[in-house]
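> Take this structure first; my questions come after.
Throughout, read-outs are computed from the coordinates displayed, never taken from laboratory work. Quick caveat: nothing in here was measured; it's all calculated off a predicted structure. Glycine also receives a Cβ, built like all others from the backbone with ideal geometry; neighbour counts cover every protein chain displayed.
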Amino acid sequence: MALTKVIGAGLGNVDGPVGVGTASADASALLTLNKSPTAAFGNPVLQVGGSTYTSGGYYSIGLGYTNATYTEPPAEIAYVPTSDSGGTTGYLTFGTRSVTTNTAVTESMRIDGNGHVTMPKQPAFYAHKNGTDQNNFSNSGSYVTVTWSHEQYDVNGDFASNTFTAPVTGKYLLCLNIRLHNVDTAASYYIGGFLTSNQRYNSLFDPDGLSADATYWTIAISALAEMDANDTATVVVYQEGGTAQTDIGGSNEYTWFSGCLLC
């Protein structure tokens with residue numbers, strides 16, 4: 001039977017299972033805490049930190065592999081106080097790293113004192129036109145890719161060359177707004193939407209009922225798209241028949257494309 005060490009004041013390094021408040025460790029456990037859990041918050045079984053206070057200090061727990069060479073754990077959970085008093089307020093942060101080198105983790109998720117959750121590495125982007133129309137797109141009954149001249153943000157660097165590439169498998173919320181100029185009533189129909197590796201998500205309208213060519217027409221669509229890692233999504237328009245006279249408006253207020261990993 002492995003010898004269990006019971007932690008007390010002044011205990012140095014130990015080798016083998018450690019028991020806290022017990023003389024024997026549970027099977028396969030390196031650390032056994034012998035305390036009945038309470039029915040609510042306020043009396044934790046394990047406390048990291050205590051009477052020592054440092055504003056902005058990381059009261060952290062490291063997870064994963066370390067040795068004499070790799071001293072930085074690949075994951076950490078920490079509480080970071082932000083107030084300047086003993087009864088602190090602060091936030092809980094989760095850190096991870098994406099490289100195999102001995103590198104400190106960076107924040108992947110934060111829960112603040114009010115319960116708000118932010119994930120600074122979560123894929124999200126917003127692209128838009130920047131003043132130049134995309135003129136007279138084809139009326140030949142084929143999909144035309146909408147081009148984007150500016151990115152407002154691209155959190156994970158997944159949007160390039162008018163294309164969003166999913167970094168991981170998941171459900172992605174894609175949103176689109178396009179303003180068309182000079183819509184031709186002679187066209188059989190127009191389509192605008194997303195073209196992904198898995199399927200198309202389209203919005204269709206028929207201009208035949210208009211009394212004259214429309215100066216402006218808006219296509220707005222959203223989809224919760226299932227995408228595998230490395231799947232792509234582009235925005236496309238389609239005109240069937242009529243005259244190739246319709247433009248995609250260049251105003252950043254009316255023509256934009258955004259998306260994020262939702263789950």
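> Cross-link candidates for residue 129: which aspartates and glutamates have Cα within less than 12 Å, leaving aside residues fewer than 8 places away along the same chain?
Cross-link targets: 151, 253.
> Can you list residues from other chains, or at least 5 along the same chain, whose modelled amide H is less than 5 Å from the amide H of residue 180?
For residue 180, whose amide H was placed from the backbone, the distant partners under 5 Å are 217, 218, 219, 249.
> With 10 angstrom as the radius, rank 88, 52, 103 by how many other C-beta atoms surround their C-beta, starting from the fewest. Before the final figure, lay out the partial values.
Numbers: 88 18, 52 7, 103 12.
Taking fewest neighbouring Cβ atoms as first place, the list is 52, 103, 88.
> In addition: So what does log10 I(q)/I(0) come out to for the chain at q = 0.16 Å⁻¹, using the Debye formula with one equal point on every Cα and no solvent?
-1.19
> If you don't mind, there's one more thing I want to ask. Fewest Cβ neighbours within 10 Å first, please rank 28, 60 accordingly. Could the numbers behind the result be given before it?
Details: 28 6, 60 17.
Ascending Cβ contact count within 10 Å gives the list 28, 60.
> Compute the Rg to Rh ratio over region 193-263 from the alpha carbon atoms, using the Kirkwood formula for Rh, and round to two decimal places. Walk me through the numbers before you get to the answer.
On the way: Rg = 14.7 Å, Rh = 14.5 Å.
That ratio is 1.01, to two decimals.
> Wrap a convex hull around the Cα atoms of region 106-248, take a quarter of its surface area, and give that in square nanometres.
Working: hull surface 41.7 nm².
Mean projected area for region 106-248: 10.4 nm², to one decimal.
> Given labels modelled 7 Å from the Cα in the Cβ direction, how far is it in nm from residue 70 to residue 260?
3.3
> Any idea what diffusion coefficient region 48-121 gets from Stokes-Einstein, in µm²/s, Kirkwood Rh on alpha carbon pairs, 20 °C, 1.002 mPa s?
Values: Rh = 13.3 Å.
Approximately 161 µm²/s, per Stokes-Einstein.
> Show me, for region 174-181, the HN-Hα J-couplings you get by feeding each phi into the Karplus relation (A = 6.51, B = -1.76, C = 1.60, θ = phi - 60°), rounded to Hz, glycine and proline as x.
Each residue's phi maps through the Karplus curve to give 10, 10, 9, 9, 10, 9, 8, 10 Hz.
> Counting other C-beta atoms within 10 Å, which of 116, 150 has the fewest, and how do the rest follow?
On the way: 116 9, 150 12.
Result, fewest neighbours first: 116, 150.
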